[in-house]
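Each remark here refers to the structure printed beneath this line.
Taken together, the values in this text are just the output of simple stated rules run on the coordinates, not laboratory data. Because the structure is a prediction, the values reported are computed rather than measured. Ideal geometry is used to build each Cβ from the backbone, glycine not excepted, and the neighbour counts take in all protein chains shown.
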Amino acid sequence: MKIRFMYTICFTAVILFLLVSCKSNNEESTMVEKKSFGKLSNGDEVFIYTLTNKTGLKAEITNYGATVVSLFVPDKNGKLEDIVLGYDDIEGYEKGESYFGAIVGRYGNRIARGKFVLDGKEYQLSINNGENHLHGGKIGFSKRVWEVLGVESKMGGSSMTLKYVSKDGEEGYPGNVELTVNYQLTADNELFINYTATSDKNTILNPTHHSYFNLTGDPNKTVLDHLLMIDADKFTPVDKGLITTGEMADVANTPFDFRTSEAIGKGINDVNEQLKYGLGYDHNWVLNKHQEQIFKFATAYEPISGRFMEVFTDQPGVQFYSGNFLDGKVKGKHGVMYQQRTGFCLEAQKYPDSPNKPKWPSPILNADKTLPYRQTTIYKFSVK
Ligand code: GLA
């Protein structure tokens, strides 16, 4: 009798456990949703995935360009608003030239005249920015359809993994490169971006993420009142084609000094040759802690909404771009015509034109598949 009673208790406990775990699995599985994002001009369908976490953050990501289309983050009163620029539909992304929210590559940023030498051979990449190569060329990773390897919900967050195989010779680059990007929205309100890549020939690789943030949640406002900190004593000056000159200049006593939080707008209109070339900030900062594995290198704070963003990476540099080329002619989400400086990017990367600057951290990816390329960049959100 006693034994039967024990059996009944155990049996009930197992059933209860199964029911509870089933329920939480169901709850977890509702954290990623997939729907159509329409058709490209060639008729191919692309999709948009909604990732959520347990505190209500929401990221919409399309497999076209592995692009973050929107990112809903609460303000200090808990109001969720979209804090990134983008387009309403796939046509906008297909035609657009602003790289909103995309993964850019094979080489993010500029390579002078699209030329570099690797293993004694000179390569000529496509030219798409004046006389230079920018963000992977005419059809970079941001304009490719990525394969979705999977979506997952766990520990109060959700993630998706995308893959793009870039062919040997694409845009002039050597080697077949297989790049996977894993986006994770964690329970701690972080957007993790993990990159892994291998190649079958020695090549160069420098992918980065190109979200334009506007922490006000209102893209009609500029980002000039955001307080920005970049932990860097030096930046890499450019020529008038925005190609790095090879120098590293001190930020001290210049408008490039963001070592303590400063309003983006404070020095942006100063008379300064570098600012003139970029029409504002469009430069690479040499991150102080770049010997460390993953470190915090920037923060941005928007005082009215209270939104605070911290950015971490394992990369040596960051391109801080203050949205200078937005000119009121780009029609963004909800029909808003994006005006100059209504979004800013913090693109973690190798220093621009590094294939032609042998003393700088190398963008070379060897054919050795046991040594894959890896990058982690994290945008973390909170309020103050
Ligand atoms: C990067 C570049 C800028 C500009 C934008 C896209 O951040 O550095 O010069 O081309 O992309 O408009």
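Evaluate the stretch 261-384: find the radius of gyration of its Cα atoms, find its Kirkwood radius, and give the ratio Rg to Rh.
Working: Rg = 16.9 Å, Rh = 16.7 Å.
In the stretch 261-384, Rg relative to Rh is 1.01.
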- Rounded to the nearest 500, what is the 222 nm mean residue ellipticity of the chain from helices alone, with -39500 (n - 2.57) per DSSP H run of 4+ residues and division by all residues? -3500 deg cm²/dmol
- Task: Kindly give the semi-axes, whole Å and largest first, of the ellipsoid equivalent to the chain, taking each as the square root of 5 times a Cα gyration tensor eigenvalue.
- Result: 38, 26, 21
- Task: State the extension gain, in nm to one decimal, for the chain segment bounded by residue 80 and residue 250, taking 0.36 nm per residue of separation less the distance between their alpha-carbons.
- Result: 57.3 nm
- Query: If the limit is 32 Å between Cα atoms, which of 266/380; 34/276; 296/329; 95/289; 34/234 go over it?
  - Reply: 34/276; 296/329; 95/289; 34/234
- Return 50, 208 ranked ascending by Cβ neighbour count within 10 Å, so the fewest neighbours appear first. 50, 208
- Do the alpha carbons of any pairs in 163/357; 115/163; 115/138; 115/350; 39/138 sit beyond 24 Å of each other, and which pairs? 163/357; 115/163
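Report the percentage of all Cα-Cα pairs in the stretch 197-285 whose separation exceeds 22 Å, rounded to a whole percent. The partial results should precede the final answer.
Working: 1498 of 3916 pairs.
Every Cα pair in the stretch 197-285 considered, those over 22 Å come to 38 percent.
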- Give me the net charge of residue 236's neighbourhood, meaning all other residues with Cβ under 13 Å from the Cβ of residue 236; Lys, Arg count +1, Asp, Glu -1. -1
- Query: Just going by the charge dipole of the chain, with Lys and Arg at +1 and Asp and Glu at -1 on Cβ, which of 235, 137, 53 is farthest out on the positive end?
  - Reply: 53
- Residues of the stretch 213-239 with backbone N under 11 Å of the label point set 7 Å from the Cα of residue 295 along Cα→Cβ are 231-233
- Restrict the search to the stretch 101-191; then list the GluC sites (Glu not before Pro) that DSSP places in a loop and that have at most 11 other Cβ atoms within 10 Å of their Cβ. 131
- Message: For the pair residue 371/residue 36, report the inter-label distance in nm, with labels modelled 7 Å from Cα in the Cβ direction.
- Response: 4.7
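Order by neighbour count: 127, 204, fewest other Cβ atoms within 10 Å first, most last.
Listed from fewest to most nearby Cβ atoms, that is 127, 204.
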- Per the rule of 0.36 nm per residue minus the C-alpha distance, extending residue 122 to residue 149 adds in nm 6.3 nm
- Listing 149, 346 from the residue with the fewest other Cβ atoms within 10 Å to the one with the most, what is the order? 149, 346
- Looking only at aspartates and glutamates whose Cα falls under 16 Å of residue 58's and that sit 8 or more positions away or on another chain, we get 27, 28, 33, 75, 81, 82, 152, 188, 190
- Message: Please list, by residue number, every one of the trypsin sites (Lys or Arg not before Pro) in the stretch 168-257 that is coil in DSSP and has at most 12 other beta-carbon atoms within 10 Å.
- Response: 240
- Task: Check cross-link reach from residue 201 to the aspartates and glutamates: straight Cα distance under 14 Å, and skip same-chain residues fewer than eight apart.
- Result: 119, 168, 170, 178, 368
- Task: Scan the stretch 88-183 for trypsin sites (Lys or Arg not before Pro) in coil per DSSP, keeping those whose Cβ has at most 16 other Cβ atoms within 10 Å, and list them by number.
- Result: 138, 167
- Message: Nothing charged except the Cβ atoms of Lys and Arg (+1) and of Asp and Glu (-1): what's the magnitude of the dipole of the chain about its Cα centre? Round to the nearest 20 debye.
- Response: 740
- Message: Calculate the FRET efficiency for residue 233 and residue 178 from the Cβ-Cβ distance with a Förster distance of 41 Å, rounded to the nearest 0.05.
- Response: 0.65
